[in-house]
Amino acid sequence: MTSPPTGTHVGQPHLVSLVLQSKKALQHGEQLCSKANTLTNASAHCALDVLALGAKVKWISEAVLEQLKLAASVAKSIEHKRAQLDKQIREWDTTRSQRTTALDTILEGLGTQLVPPDFHQTSSDSSLFGSQHSLDRPTGVIDPNQSPSATVRENPFERKARKKDVDRTKWKTLRDFVDESAVEEVLDALESDRTRLDDVMSTTYDYPETLSTAVSCIRDALPTSSAPSPVELLLVAQEKTTTDMAKHLESLASHYEQMASALHDSEAGVSPTEEEMQAMNRDTNELPSIMVELEHDVNYIQEAHEKLSLATAAAQEQLDTSRNTLDDLDELGDIMSDMLQKQQDVETDCEDLLEGLQQRLLVVEDLHHRFVQFQASFNKLLIEIARRRQYREAVEKIVEGMMAQLEAMTEEERQVRGDFNSEHGAHIPTDICLCIENPPTRWEVVPWAGDTREVLPEIDSDILTQVREKLAGGEGALPGSDSV
């Protein structure tokens, strides 16, 4: 029995073992590559989903941001309109302060100006500028047959003036003749309408802040602009990895073919050389490292797929959130419409109230004007009464002089006639010139028939001095030609 050839008898089992290892490695490599291919295809679908979802999210986000810009402009518009109304109200408040301060000042002035009692105590129905009939003569007519001395006799006012109470703390002031309740009614109505204006303005006070807060909340709910999507990088890395796996698989296939061919040759009687066996052993020993690389590549592709799957889920969640944001935006749109309508109503109501308040300020201004005229006219009245007193005293002095002259002439004439009658009356018959014994005609000076003797109220000199000083300094002068 001959010995088997070297490499045939001894090396063949070893070669079969190498073929089996190579085949097993190839099959395992094919499985890994098949799995990698499946994962790569799934990753591609995930990548498409991520990109599509991302595009939808981006489109929605851009649309939402445009709408939020509109909402922000609406908030600024409302705030601007409210600022304009606030400016008008502040201007009105300034004017009101000026008018009411002026009114308070003139009322205080009226409250410090005394009215002599004779100006308002002449009769129960007399007013400051009304008729002032004598208390002693309700008809106001002096009997023309009264004694001549009655025309220059002291009038009741003058008698009363000397007996009057000098305590001026009991005197009335010009303010006592002002209808305080009417003034308070005007000021209360002014304050009431001003309060209503604040109530109307307060209804939209928080609108700008509410809109700004809502805009901020919706903007914060939008997906944040993160780093660039890793989809492309993952796909490129997967492509490179699958290419490497394909090369490894080709290497496994080539090694298996080489081993199978060597086994076939060996079975045909052509044994590999020692160097070829060493090369095949060396190549076979490298199979585990190749399989490790394939396992690592598959794991990497698996991780990439998982990342893309997570990215898809995250993109879907962002899309759902964006859709909810659209619902919030629709609700905000309805709220903005209501706010704009309410703001328009507030502007209309405020304009009406401001117009009414302007009219009320005109009433306050008119009151101030009337009271200023009242004070000025009263000061002029005091001066006029003083002038009339001077006129009356001058007339009375003339009347007194005339009365004294008439009485002296009458007395002189009576003596002359008496002397004549004593000397010649006894020698003249009584039936001749009967009037020779008549006394001289007596005369009296009386007011015109139907006229009353002028009665003037008493004014203390210091009051007249104060009034003259005010008028000389321009204070209390009549501001216009209209009378009170």
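The values are calculated or read from the model by the stated rules, or taken from the named source; none is laboratory data. Since the structure is predicted, the reported quantities are computational estimates derived from the model, not experimental observations. Glycine also receives a Cβ, built like all others from the backbone with ideal geometry; neighbour counts cover every protein chain displayed. Protein only, heavy atoms only, side chains kept; ligands, DNA and RNA dropped before computing areas. Shrake-Rupley method; radii C 1.70, N 1.55, O 1.52, S 1.80 Å.
Some notes on this structure:
- Within the stretch 102-119, if we keep just the residues that are out of contact with any Leu (no Cβ under 6 Å at 6 or more places or on another chain) and among the polar types (S, T, N, Q), the residue that is modelled with the highest pLDDT turns out to be T105.
- Hey, A268 open to solvent by less than 70 Å² (accessible area, probe 1.4 Å) and free of Cβ contacts under 8 Å to residues at least 24 places away in the same chain or not: no
- Criterion (loosely packed, with under 10 Cβ neighbours inside 10 Å, in a helix (DSSP H, G or I) and not β-branched (V, I, T)) met by exactly one of A426, A404: A426
- Against the list (1) surrounded by 14 or more Cβ atoms within 10 Å (Cβ to Cβ); (2) within 30 Å of T204 (Cβ to Cβ); (3) at pLDDT below 90, the condition K69 fails is (1).
- Condition check for Y205: at pLDDT 75 or above, under 30 Å from D86 (Cβ atoms) and aromatic (F, W, Y): yes
- Criterion (under 16 Å from V183 (Cα atoms) and either free of Cβ contacts under 8 Å to residues at least 24 places away in the same chain or touching a His at 6+ places or on another chain (Cβ under 6 Å) (or both)) met by exactly one of D366, D330, D345: D366
- Take the conditions (1) open to solvent by 80 Å² or more (accessible area, probe 1.4 Å); (2) more than 20 Å from T173 (Cβ to Cβ); (3) polar (S, T, N, Q); S461 misses just one of them, which is (2).
- Residue within the stretch 431-450 that is on the phi < 0 side of the Ramachandran plot, assigned to a helix (DSSP H, G or I), modelled with pLDDT of 85 or more and open to solvent by less than 90 Å² (accessible area, probe 1.4 Å) present: yes
- The listed residue being without any contact (Cβ under 8 Å) to a residue 24 or more places away in the chain and either out of contact with any Lys or Arg (no Cβ under 9 Å at 6 or more places or on another chain) or closer than 29 Å to T204 by Cβ (or both), out of F378, F420: F420
- From E331, E293, E306, residue being within 30 Å of K23 (Cα to Cα) and among the charged types (D, E, K, R): E293
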